[in-house]
Structure formats: structure tokens, C-alpha cells
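The values are calculated or read from the model by the stated rules, or taken from the named source; none is laboratory data. Since the model is a prediction, treat every value here as computed from it, not as a measurement. Cβ coordinates were reconstructed from backbone atoms using ideal geometry, including for glycine residues, and neighbour counts include every protein chain displayed.
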């Protein structure tokens, strides 16, 4: 540091050290030709794979935020470790870390990267025992649901199913059946979706009373949260609003027991859609406000954008088209800067496209629309969350991802819920 070969920085509250790029390239070249290249990479990968492993209290809030922040700080190192392992034949450690860290890659917008790691493992998966190969197939399939290749996701999940059945791991079978049912629902194949989702629920009931290790208990709770939400979405699409609301409530109850943000975000969004379908706008706003706060607190900007769209839909129905336009513009700007995120793969997205915008434009006129749209785009990175929570935000500009008031609000909402 005295000779400026190493720089120091602080993130978040922790000292970190960075080698200058020219020095790093020189050191890597010396390492590559010095005979220790493989051993150094193996030590690096082993260290960061172990560092990524969440402790028990980091799988649930509030410890989950600490864990998410730690992995974001080490994102590049963790990615390098996961890239290195398949080439060296270290498939099982990489696969394990994929499964225990998926929340991070999703919530911080790196899911496409994780899908690539999964594909790299699949290329060599014939080397894996059948159960681990099933895990590789299902993990990569779930990443591809979010990454947009739903046809390949379905094929991979279907390939994993007989391997899980052969292994006798019924919770894994229930998980795959639930996600296949979700994919059927996205295609409008509601009869097939209902059958698969109900089979998943029945299988979960059969094994629920057993004793589980930590990861099995978490999987049970996730299936108990996911499947009612997926089945509720089918019921909602079929016009059974009351049945959908009951299923969404069941999903949220399981998600709160799990204390897992992705599960809670799906459940709250679905419940808001159910409330909106029943004409309960106050209930919809309550669920959306809580979900928006949780997404913002975790730095999950893409999910926050989808919540902004849903709040805009409520504003439109409440005859507040200018607020709806402003929120849609803010959501558009957030998605443009942060990517499409993961939530859209698991919930029916609120109206947001050209038809919705054209309808709002016709209600307020071209000039007003352009002015309000520009304002919404301008506040996206600073006051969008605050504006969504209050009709008349304060003049002070907030940074919604880090401000203490939003954290306090999130804690308050969780306590009252």
C-alpha cells in the first residue's frame, strides 16, 4: 500500500484490498508459468465455496440480508470458483453451492450467470451419481425458467423426475412436479397444471410428518409455499377468485414460516392480485407495499419494479391515471438499468405493455402523459419506492435501497402481519 501496488476500500464497513490491474496481470502470468496455477485455483475455489455456505441463521431474515451482502461483496470471487470447478471435474462441490446460494443469484440479478454454471455442470453430468445428476438437471431447469428458456427448462425438469423417483426422494419429486405444473399453467394448459400441482401437494402431505435434515426441511417449506401459489394462479385465471385467495393465503403462511424473501415476495404479489380481482384495493395496496419494501431492502431492484407495476395497476383502477403512469415509468427505468430479474417467471405480471400505456395516454392526453412519464423515469433511481408508498413524497431525495425508514417500515409490516 505504501508503494501504491495495493489499494484499499471499505464495503460495507469492512476493509478490502485490490491489486492494481497491471500488477494483477503480471502476477497471474508469473503464477501461470510457475507451476502452481492449478493448486492456487483449487485453494481459491475451496475457500470461496466454503465462504458462500450459509449458516443456519443466514437462511432466514434478518440474517439473510447479511449473507446476501457478503456474497455480493465476493461475487467475482464466487463466480470464478464456480467457473473453475467444472473444468477440473469438481462437480459435486459446485452443484452443492449452486443449490444453497440460488437466492443470492436471483435477488441480486445474477440468475443468467448461475444458469451458465449449471449448463457447464450438465455438460459433464454423466460423471455424477444419478441423484446428483437429477439435482443438476432440476437446478439448471429452475434457472432457465427465470432466464426465459421455458421449453428447455421443462425438458430438464422432466429428465430429473425419474432420477429423483429412482432415488426415492419424494420431496424432490414434489418440487419438480410443482414447477412442471407451473410451466403448464404458463402455457394455459390448466387441466394438466392442476393435476401436477395437486399431485405435488398430495406427495408433500405424505412425507410432511417425517424428520428432516435442515435442507430437507427448507425444501418442504418451499414446496408448501410454491405449490399453493401456482395452484392459486390457475384458479385465478379460471375465475375462482375465492379459491385463489385461500391458496395464496396458504402460500404466504408457509413463506412466513420459512422467513425467505423470494417465497414471501411471490406470495405477497399473488395475494395482491387476488385482492384486486375481488375489488379489495386496500388489501392489494397493503400486500404490495410490504412486498415493495422487502424487495427494496434486499437490493432486489427488478422485483421492486414489478411491484411498482402492480401498484400502478391499482392506481389506474382507483381513477388515478397520472400516478399509474409515473409508477410505470419508474418501473420501466428500473428494469432497464437492473435487468428483467426473476419474479416475472413466477407471478402473472401486472398490466405494463403498450396496450396499458395507450389506455392511460388516452385518459390523460398526450402532453400530460409525456410530462408525467418523464418525471417517473427521473425518480426511478431515487424516489420511486418512497413515491409508491406515499401519494405525496417529501421533497428530499431518498436512496430507497439503503434508507433506514424503509427498513423500519419493512420490520413494522412484518411484525403486524
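Name the single residue, out of those in region 334-353 being surrounded by fewer than 20 Cβ atoms within 10 Å (Cβ to Cβ) and part of a helix (DSSP H, G or I), that is modelled with the lowest pLDDT. The residue in question is 338.
Applying the criterion of at least 1 residues that are modelled with pLDDT of 95 or more and farther than 16 Å from residue 331 by Cα to the helices (runs of 4 or more DSSP H) found wholly in region 226-314 leaves 261-277, 281-297. Just one of the listed residues (143, 107) is touching a residue at least 60 places away in the same chain (Cβ under 8 Å), in contact with a helix residue (DSSP H, G or I) (Cβ under 7 Å, 6 or more places away or on another chain) and crowded, with 24+ Cβ neighbours inside 10 Å, namely 107. If only residues of region 273-287 that are buried (at least 23 other Cβ atoms within 10 Å of the Cβ) and in contact (Cβ under 8 Å) with a residue 40 or more places away in the chain are counted, the one that is farthest from residue 385 (Cα to Cα) is 274.
Taking only region 66-79 into account, find how many residues are in contact with a helix residue (DSSP H, G or I) (Cβ under 7 Å, 6 or more places away or on another chain) and in a helix (DSSP H, G or I).
Matching residues across region 66-79 total 7.
Taking (1) at pLDDT 50 or above; (2) farther than 17 Å from residue 304 by Cβ in turn, residue 377 satisfies each apart from (2).
Being under 25 Å from residue 343 (Cβ atoms) and either modelled with pLDDT under 85 or crowded, with 20+ Cβ neighbours inside 10 Å (or both) is true for just one of 65, 49, 91. Which residue is that?
Numbers: 49 fails: under 25 Å from residue 343 (Cβ atoms); 91 fails: under 25 Å from residue 343 (Cβ atoms).
Going through 65, 49, 91 in turn, just one is under 25 Å from residue 343 (Cβ atoms) and either modelled with pLDDT under 85 or crowded, with 20+ Cβ neighbours inside 10 Å (or both): 65.
Out of the residues in region 116-127 that are at pLDDT 85 or above and within 17 Å of residue 176 (Cβ to Cβ), state the one that is surrounded by the most Cβ atoms within 10 Å (Cβ to Cβ). Filtering first and then ranking leaves 118.
On the given criteria, is residue 54 surrounded by 12 or more Cβ atoms within 10 Å (Cβ to Cβ), in the same structural domain as residue 119 (by TED's automatic domain parsing), in contact (Cβ under 8 Å) with a residue 40 or more places away in the chain and outside any helix (DSSP H, G or I)?
Spelling it out, residue 54 is indeed surrounded by 12 or more Cβ atoms within 10 Å (Cβ to Cβ), in the same structural domain as residue 119 (by TED's automatic domain parsing), in contact (Cβ under 8 Å) with a residue 40 or more places away in the chain and outside any helix (DSSP H, G or I).
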